[in-house]
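We did not get these values from a lab; they are worked out from the coordinates using the rules stated. In this text the structure is predicted, and so the values were computed from the model without any measurement. Backbone-built Cβ (ideal geometry, glycine too); neighbour counts: all protein chains shown.
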Amino acid sequence: METGLVLLLLLAPFVGFLTNIFLGKQLGKNASGYLGTLAVIVSFIVTTMFFLQVSETKQPITVHLFDWIALDQFSVNFDILLDQLSLLWLMFVTGIGSLIHIYSISYMHDDENMHKFFGYLNLFIFFMITLVVGSNLLIMFIGWEGVGLCSYLLIGFWYKNQEYNDAAKKAFIMNRIGDLGFLVGIFIIGYVFNSLDFMTIKQAVIAGEASANLALLGVATLCLFIGAAGKSAQIPLYTWLPDAMAGPTPVSALIHAATMVTAGIFMITRLNFLFDLTPTVQDIIAVVGAVTSLVAASIGLVQNDIKKVLAYSTVSQLGLMFLALGLGAYEIAVFHVITHAFFKACLFLGSGSVIHALHGEQDMRRMGGLKGVMKITFFTFLIATLAISGIPPFAGFFSKDEILMVAFHENKALWVIAAIASIMTAFYMFRLLYLTFFKEFRGTEEQKHHLHESPALITFPLIVLGILSAVGGALSLPGNSWLNHYLQPIFAHKAHAEHHLDTTAYMLMGIAVVGALIGIGMAFSKYIKKGEVPVEDAQITGFAKTLYNKYYVDETYMAVIVKPIYALAKFSRDYIETGLSNVVFGFGNVTEELSMQGKKLQNGNIGFYLFAFVFGLCSVVFYLFFLR
Amino acid sequence: MAEILFYILASITLGTAFLTILSRNPIHSAIYLVICFFSIAGHYLLLNAQFLAIVHIIVYSGAIMILMLFTIMLMNLNKEDESHKSVASKIAATIAFCLVGIVLLAGLLKTKPVVESYFHSGEDFQSIKVLGQVLLNEYMVPFEFASVLLLVAMIGAVLISKKDKQKEA
Amino acid sequence: METILKEIGVETYLYLSALLFSIGVFGILLRRNAIIMFMSIEIMLNAVNLMLVAFSTFHQDASGQVFVFFSMAVAAAEVAVGLAILVSIFRNHGSIDIDNLKNLKG
Amino acid sequence: MDVTIVLILLLIGALATYFSGNALASKVALFFSVAALGASLVILNQFNQGIDSGFSAVWMKNPNVLFSLKVDGLALAMVLLTTLLMPLIILSSFGNNFINPKNFYALVLFMAFAMVGTFLASDGFLYYIFWELSLIPIYFIALLWGNDDVKERKKAVIKFFIYTFAGSLFMLAAFIYLYQKAGCFQLDVLYGLNLSAKEEFWIFLAFFLAYAIKIPLIPFHTWQATVYQKAPTVGTMLLSGIMLKMGLYSVIRWQLPIAPNAAKELQYVIIGLSIAGVIYGSIVALKQKDLKKLLAYSSLAHVGLIAAGCYTLTVDGLRGAVLQMIAHGFVIVGLFFAAEIIYRRYETRTISDMGGIRQQTPKFASMFMILVLASVALPGTFNFVGEFTVLYSLFTKNIAFAILGGTTIILGAFYMLRMFQHVMLGETNAKTFADVTLTEGIVMVAIIGFLLFFGLYPKPIIELITPSIQEIISVISK
């Protein structure tokens, strides 16, 4: 029974994928859209059943499917583990997934390859489920790479545009850099524990078997963190995520904001017992997270592409989550993942709605004044923006506040960085809101003529996500956290001590809210009061230009890594290959040259041959008789 | 007695051999060679190999030399028309001759002389009868091969020297 | 008459045939007329034959003489074919001077 | 039924193909290749039941040579790889028009015969003969049915022939020396031979030269790319799919157990060399203009990793190497076939002349994509199973090996996706691209199906090869 349900959970999206890929064209657009959506909803329903069951029994469910890879010291089986963490993750993956599928039915309706789009989305959900429910690192790795593949396919969905294809390729390769780290981490863990199974490792850690190999485990967790940084777009592997906005907007919402990019956080949370053993790596994670959050937020301040702003905001928020992870506050990171999934999905879908209304326009300088026309979009967008800015009582406030609070207690410097990033977030999010929805419309007359509110299939997910963004904070209210209790069993150590609502806590909350309000106020004075519109690309100067060009990180990577590799490839192809080839031919040439010399002896002069013969004979006789 | 005979024959052999290679006229060479062959046949007789001596005269002096003479006459070579070789090659040839001669002789001189001198058991080993038996018993197969070889040589010679009809046509 | 070996020993025959052989070599190197070269080859062959017969008598073994037979057969065949080749060369080139025959030059 | 039936079927198949005439040749060849596949499946069944399907008979008294074929899991896996790929390779050529097809297909089957013989032979002399025998058909296939300018092709093919042949001669010398010591060429006897360290060193080196050229490892690889490019695609498939594996298989079967101490001494050097090949091959592949050449360099990179796995001398390393050999055999055949499918339509192998194919034939694009992904060892494909195992074994040797070898994950994705982007994606190509035909589809689907199925369920293959690998390891570590 359980096996059947698990298979249903896992395979429903896969069947959806197969049907859409092979029969999608025959089915027609609507049918393929609804079919794809249905597949995810089935998974969602099954997940809910399991979720309720596990919430009650508190017993994780494990299912053995089949044997997979056998190694000398241990073997890896294809097992499924449904525990509190994976079910929680599945809930919002399939839940938000369903909403975004619904949204896409309308959004992608005009695309000729809509059935493929749904096929890929289903495949993504399938791999995401695999990632989450795998009972060992290697199955997680299947999902891990699988979602990377889907990300590649969906970023490059409009494959006729080579720039999009470049973005897709970049995403895949950057992810693979992380994957190598992940793989090495897996090797070390397998080597140390002789198992890749989460439960087994956890038991071994609790039993203290790991203490002999702490240095090695430090390397392992560092490698795993590199993997997580690749997937979750942390410094130095974050540059793919903004480029990934080349994909259709629902993809950005689902993969590049709500679910896939949080896989790194999932993995670290899964292996929290290992990371707890290696505090140095935790420090690294915290610092990287904080710096990423600040850098990405600062870039987000000046971007004019609506999706790029959201992308940098995602990177920044992910940085905050890693900060929490690094500080050992896994449940807070998970909390922020969930709230972030709600409001960021809402923001992306809202921006998609705007882009849809403007027929593909993404530049905020060409928007404005949409508040009156697109009421639902605006309202949900406003809620999500308030949530991400950390205004109570919306969801983002609670999760972000907890992160800040932990940071404040652990390390003041990190707290300052995170707080600045939060203020910046408030600023650029409201900048986005003001530029898009307020003042006059700045696009062409024709666009203005066509402005309309999106259809119900688009607004429905917006409303649901808007509501969730508003009330999601209830999952983990300060002082009485349902989430902490729920997640307790998956942590090796006792969960991060809940903060009492003392004076410091209230003061910190106050500071956070005031900070957010300062950011909002700055945006208000700049874009509403003064009515400024960001200048055109060519006129951007000074530090803003550096920011606008993302600190030239892409260019640096290009110059320092990609170009030299290309140069090396070219050099190897043109010189080393020919050189080696010439060495081989050299043997042949030497032989040929020798024989050319030998050929001269063969001059056709019989007399000469006879002389040679006679001298040869004499020397043989001489040797035989006189030298031997 | 035999010793004197040997030295006379030996001097004829060597002298005519020299004359063969030195005379300008090929016909003269051929005739000197015939004399040389006869003297070799004489050596065979001295060694009591009568049958071989006769065969030698028949094959060499008879068949081979006649063939050569015919060829010379066929080609109309009976005049001294050989172009001069360069002096260098002549010197080289002489040096080579001396070298071969010295090396061979020196080699032979250096070998240990046969300790036991010749002892004749009196057994008959080289009469025609014995030879025939050896040839057709022990050396049966090579004998047959030799005959095949001669046949092939004959056919080959005919084929080679035949005028190419197609070419003429 | 085989007492000859008692009187002069087999070595003398060796020297004789060695000298004869050298003369053959000399002729081959000296002359360029193909027919004379053939004759030189015959001289060399005979030098060897002579030695074979001498040893045959010395060892009282007929095998040596049998070899001489075969050698003669080969010589006859060789001369027949060789002369035929010479004739056809002469027909094509108009001379049998070996210096003109350099078709096999590498 | 013993295993000679497979050899006999292939040999008779070659003859029958030759005598069946040009019209029937391809079908007769296909029939016999399928028959050989059936026979090897029967052998597999017998093997699983524990029946020994080996064969042994005295071939020569002096030297002491036996015609002996040994069937263990390892040899059987390689034989199955060959007999599975043969029908696919033959089927893949159905869209081509060769001159003299009877000669062509007869040579192809003969090649299969020689390769199967190489995998099965357990007598050094017999093995050597099969080893060299396989060189002859591929020489003619590449020379007579190849691409491009005849002169260039000749140069490349003769270089290939002489190069590999020269390498093999060192192996022959090693075998002769071993015969002097052992008095026979039997594998088991050679395994048990007590050689001094110096002897082992030289024998190891002689074997290494033969295998390094065949596999090929850098810097002995210069024949590879040009021959792959010049040979007809069937020849390229035979070379890359199976013949390379002869070298790797021989490392496991002959080189390591015969000279284990030298292997232990030199393993780090050779693993280093192999891994350098992985990185170098990947980097050179990046900037290739010719599709087949690019695939050739990718093959260089992959076999480098396999070789590195072999020389770890661990169960994991050897097992991963064998798994990866099989996986690579399939995927590279599929990729070369994809190149051929494009060539049939566009008559070009230059990547810059392609692009925009996906729009015209989404089916082919999907299949090609899956092959590309399998080639970069995406989890879920069979290649991942092999690559993971190999990398893990490298890790147990030294973490640096795993990291450096693991760059294939990154660089492989780099050049393969770059290739895919320029070949398949972009604005729709002006030239029409006819959809894949039935035979083309069958071959592609069969390969993809194999890779995906065993990617998720590699257990049967793992169980097949593991006992013999453990046996070899026990010989090595005696």
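The figures follow:
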quantity: Distance between modelled label sites at A:Q53 and A:S525, nm, 7 Å Cα→Cβ extension; calculated: 5.9 nm
quantity: ³J(HN,Hα) computed for each position of segment D:38-47 - Karplus, 6.51 cos²θ - 1.76 cosθ + 1.60, integer Hz, glycine/proline x; calculated: x, 4, 6, 5, 4, 4, 4, 4, 4, 4
quantity: Amide proton proximity set for A:A70, modelled H, under 5 Å, gap of 5+; calculated: A:V76
quantity: Dimensionless Rg over Rh [chain C; C-alpha; Kirkwood]; calculated: 1.11
quantity: Residues of segment C:63-101 with amide N under 16 Å of a point placed 7 Å along Cα→Cβ from B:N137; calculated: C:63-64, C:66
quantity: Inter-part distance where segment D:369-398 and segment D:106-141 are each reduced to a Cα centre, Å; calculated: 29 Å
quantity: Spacing of the two label points (7 Å from each Cα toward its C-beta) at A:K600 and A:E112, in nm; calculated: 7.1 nm
quantity: Using alpha-carbon coordinates, inclination of helix D:73-92 to the longest axis of chain D, degrees; calculated: 30 degrees
quantity: Chain A - percent relative contact order, Cα under 8 Å, separation 6 or more; calculated: 11 percent
quantity: Within segment D:8-71, chymotrypsin sites (Phe, Trp or Tyr not before Pro) in DSSP loop having at most 10 other beta-carbon neighbours inside 10 Å; calculated: none
quantity: Shielding by other protein chains, A:579-590, mean Cβ within 10 Å; calculated: 3
quantity: 37 °C / 0.692 mPa s Stokes-Einstein diffusion coefficient of chain A, Kirkwood radius on C-alpha pairs, µm²/s; calculated: 124 µm²/s
quantity: Alpha-carbon centroids, segment A:79-131 and segment A:180-220: separation in whole Å; calculated: 31 Å
quantity: Distance between modelled label sites at B:M154 and A:V620, nm, 7 Å Cα→Cβ extension; calculated: 3.3 nm
quantity: Helix axis angle, D:197-214 relative to chain D longest principal axis, alpha carbon, degrees; calculated: 20 degrees
quantity: Relative compactness, segment A:330-548, computed as alpha-carbon Rg over 2.2 N^0.38 Å; calculated: 1.12
quantity: Calculated FRET value between C:Y15 and A:N589, using beta carbons and R₀ = 51 Å, to 0.05; calculated: 0.45
quantity: Placed amide H near D:I218: partners under 5 Å, 5+ positions off or other chain; calculated: D:G277
quantity: Debye equation applied to the C-alpha atoms of segment D:259-478, log10 I(q)/I(0) at 0.09, 0.17 Å⁻¹; calculated: -0.38, -1.11
quantity: Sum of -39500 (n - 2.57) over DSSP H runs of 4+, divided by residues of chain D (222 nm, nearest 500); calculated: -24500 deg cm²/dmol
quantity: Inter-chain shielding of A:161-172 (mean C-beta neighbours from other protein chains, 10 Å cut-off); calculated: 3
quantity: Cβ neighbours within 10 Å from other chains - mean over B:137-150; calculated: 3
quantity: MRE, 222 nm, helices only [DSSP H, n ≥ 4, -39500 (n - 2.57), over chain A, to nearest 500]; calculated: -23500 deg cm²/dmol
quantity: Those residues of segment A:161-200 whose amide nitrogen sits under 11 Å from the label point placed on D:N398, 7 Å along Cα→Cβ; calculated: none
quantity: FRET efficiency for D:A23 and B:K90, using Cβ-Cβ distance with R0 set to 60 Å, rounded to 0.05; calculated: 0.25
quantity: For segment A:19-36, Karplus couplings with θ = phi - 60° (6.51, -1.76, 1.60), whole Hz, Gly/Pro x; calculated: 4, 5, 6, 8, 10, x, 5, 5, 5, x, 5, 4, 4, 5, x, 5, 4, x
quantity: Packing-based order for A:4-15, D:416-427, using average beta carbon neighbours within 10 Å, highest first; calculated: D:416-427, A:4-15
quantity: Ascending count of other beta-carbon atoms within 10 Å, so fewest first, for A:C223, A:C618; calculated: A:C618, A:C223
quantity: Order by protection proxy (mean Cβ within 10 Å, highest first), peptides C:94-102, D:461-469; calculated: D:461-469, C:94-102
quantity: Over segment B:1-81 - Rg/Rh using Cα atoms and the Kirkwood inverse-distance radius; calculated: 1.05
quantity: Antiparallel bridge percentage (DSSP; both residues within chain D; nearest 5); calculated: 90 percent
quantity: Calculated FRET efficiency for the pair A:Y552/D:K198, C-beta based, R₀ 51 Å, to 0.05; calculated: 0.30
quantity: Kirkwood estimate for the protein assembly as shown, i.e. one over the average of 1/r between Cα atoms, Å; calculated: 37.8 Å
quantity: Cα convex hull of segment A:216-307, projected area averaged across orientations, nm²; calculated: 5.9 nm²
quantity: Integer Hz, Karplus 6.51/-1.76/1.60 couplings in order for segment D:369-385, x for Gly and Pro; calculated: 4, 4, 5, 4, 5, 5, 5, 8, 6, 6, x, x, 9, 4, 4, 5, 4
quantity: Theoretical gain in end-to-end length, A:E440 to A:I518 [0.36 nm per residue, Cα-Cα removed]; calculated: 25.6 nm
quantity: Extent along principal axes [Cα atoms of chain D; Å; largest to smallest]; calculated: 67, 55, 47
